[in-house]
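Quick notes on the structure that follows.
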Amino acid sequence: MTPGTGSEALDRMVERLGGTADPKRRYEYVLWLAKKLDPLPQDQQTDDIKVRGCVSQVFVRGDLSNGVMHWKGDSDALITKGLLALLIQGLNGLTPREVQAIDPAFIAATGLQASLTPSRANGFLNILKTMQNQARTLEAEPTADS
């Protein structure tokens, strides 16, 4: 049994991926997640939300509302978009502190490394780090209601 991430949604997806022995099924699930992710309008794909260290173009934006994070993003590569969608679903509704506390070790529990190229696995980690950095920045900013 793998330790929980602190996100029920992420735990469910990790369990689903990790419980699948067939790498093709994992890929199909990631592609299915990609197709469900709403596209981010081109005019919102700005340099300030671009994920660094990814071979593909990846954009992710976190907004803090009522103390919890809400995410949107997009990628020009379908597999990467699926990995982004997994993180967006998994980290949506968490507090900035909970997002920052997500241990990247959960990636191993998905079993995806065996199927991902090293650059794509590194990109997955970079997307998570970008989301954690945005959560840290938003948490530090004074809000209008404080």
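Details
- Local net charge near G4, Cβ-Cβ under 13 Å (Lys/Arg +1, Asp/Glu -1): -4
- Under the shape rule built on the C-alpha gyration tensor, where the axes satisfy a ≥ b ≥ c, the chain is oblate, since a/c reaches at least 1.5 while a/b does not exceed b/c.
- Average Cα contact separation per residue, the chain, under 8 Å, 6 or more apart, as relative contact order %: 31 percent
- At R0 = 22 Å, FRET efficiency that the Cβ-Cβ distance of Q113 and L78 yields, to 0.05: 0.75
- Region 17-86: equivalent-ellipsoid semi-axes (sqrt of 5 x gyration tensor eigenvalues, Cα, Å): 24, 15, 10
- Max mean-square fluctuation residue, GNM over the chain, Cα-Cα springs under 10 Å, options E28, E15, E98: E28
- Among F124, A135, H70 - extreme Cα towards positive end, dipole of the chain, charges at beta-carbon: F124
- Hits among aspartates and glutamates - C-alpha to C-alpha of K50 under 13 Å, sequence gap 8 or more where chains match: D74, D76
- Prolate/oblate/rounded call for region 62-146, Cα gyration tensor, a/c under 1.5 rounded: prolate
- Label-point gap, in nm, between E28 and V55 - each point 7 angstrom along Cα→Cβ: 2.5 nm
- Theoretical ellipticity at 222 nm over the chain - DSSP helices of four or more residues, -39500 (n - 2.57) apiece, nearest 500: -15500 deg cm²/dmol
- Database remark: amide H of T5 closer than 5 angstrom to the amide H of D11 (H placed geometrically; neighbours at sequence offset of 5 or more, or on other chains; Pro and chain starts carry no H).
- The Rg/Rh ratio of region 69-116, with both radii computed over alpha carbons and Rh defined as the Kirkwood radius, is 0.99.
None of the figures in this text is laboratory data; all of them are computed from the coordinates on show. This is a predicted model, so every value here is computed, not measured. Cβ atoms come from the backbone with ideal geometry, glycine included; neighbour counts cover every protein chain shown.
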